[in-house]
Amino acid sequence: MTPSSNRIDAAFARVAQAGRAAELVPYIAAGDPSPAATVPLMHELVRAGADIIELGVPFSDPMADGPVIQRASERAIAQGMGLARVLERVAAFRRDDAATPVVLMGYANPIERMGQQAFADRARQAGVDGVLVVDYPPDEIDEFAAALDQAGICPIFLLAPTSTEARIQAVAQVARGYVYYVSLKGVTGAASLDTGDVADRLALIRRHVRIPVGVGFGIRDAESAARVARHADAVVIGSKLIETMERAVAEAEPARQTEAAVAAAGQWLRGIRAALDNTQKQTASA
């Protein structure tokens, strides 16, 4: 699989051909609510309408994540979930799904411990399509980006409301697949989404970035997802999805917690997908 044939590019092409406003990209933490739930949950998200799955790699110090995703990461780590086991889950998912892109999202430390080249090789073998490492700056990852490129894996980067044009330009030089715009200052799970401000920032980003731009943070329901979809190429949603599973687990009997979490996630995501399917784009991508 070469970068030009990456599943991420194919997914965006399918959405464009279908005339849909934006892709739906749910985020889950691998290993939460249990390691056994991860692969069934990924398949259920696809059935519910996910175009790309962002799979969080649990880390003990997730500085960019709010309390909801921190709790998910802690639960996964407590059950022995680490980077190697995350890659095993991706490989298991690939046995029944050869089309849906999987993006790993996490932090540099687990990759450094495995080794950048070893990680790129193992991620390619598992069927990973993109990697977003929160604490790898775009101007300091030449070797890692080259290893990913050779493996046919897209390096994906975050941009924030505080990102300068110089930062945007640096990301534009190395990013592949899509760019993830963090719509709010702060950590994941924050509120007070200003769609007008998002639209203005996307216009600035698209002066430099020629690949799709997804938007995440602050998207908590069908209405906010639809508002963002009018401007973004993808809608990324995680904290509310994890909260939905948390409630389902808390209300279920122990023997049914995994089943309840998977079912609740799928039901909730179907509502988001229906809203996106009924949304018309207001601004065209540059």
So between Ala16 and Asp139, what do we pick up on full extension, going 0.36 nm a residue minus the alpha carbon distance?
41.2 nm
Would you mind computing, in nm to one decimal, how far apart the modelled labels at Ala118 and Arg71 are, each placed 7 Å from Cα along Cα→Cβ?
3.5 nm
Additional length obtainable on full extension of the chain from Asp194 to Ala166, 0.36 nm per residue less Cα span
7.7 nm
Based on the alpha-carbon gyration tensor of region 118-241 and its eigenvalue square roots a ≥ b ≥ c, which shape applies: rounded if a/c is under 1.5, prolate if not and a/b is larger than b/c, or oblate?
prolate
Calculate for the chain the 222 nm mean residue ellipticity that helices alone would give, adding -39,500 (n - 2.57) per DSSP H run of length 4 or more and normalising by residue count, nearest 500 deg cm²/dmol.
-14500 deg cm²/dmol
Check: region 3-277 dipole with +1 on Lys, Arg Cβ and -1 on Asp, Glu Cβ, in debye:
500 debye
Fully extended contour minus Cα-Cα distance, from Gln79 to Ala203, at 0.36 nm per residue:
40.4 nm
Exposure proxy check on Asp135, Asp96: fewest-to-most Cβ neighbours within 10 Å is Asp96, Asp135
Helices from the chain with mean Kyte-Doolittle at least -1.0 and a Cα length along the axis of 27 Å or more, per DSSP H: which?
257-277
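Every number in this text was worked out from the coordinates using simple rules, so none of it is lab data. Bear in mind that the values here come from a model prediction, so they are computed numbers and not experimental data. Counting neighbours? That spans all protein chains shown, and the Cβs are built from the backbone with ideal geometry, glycine included.
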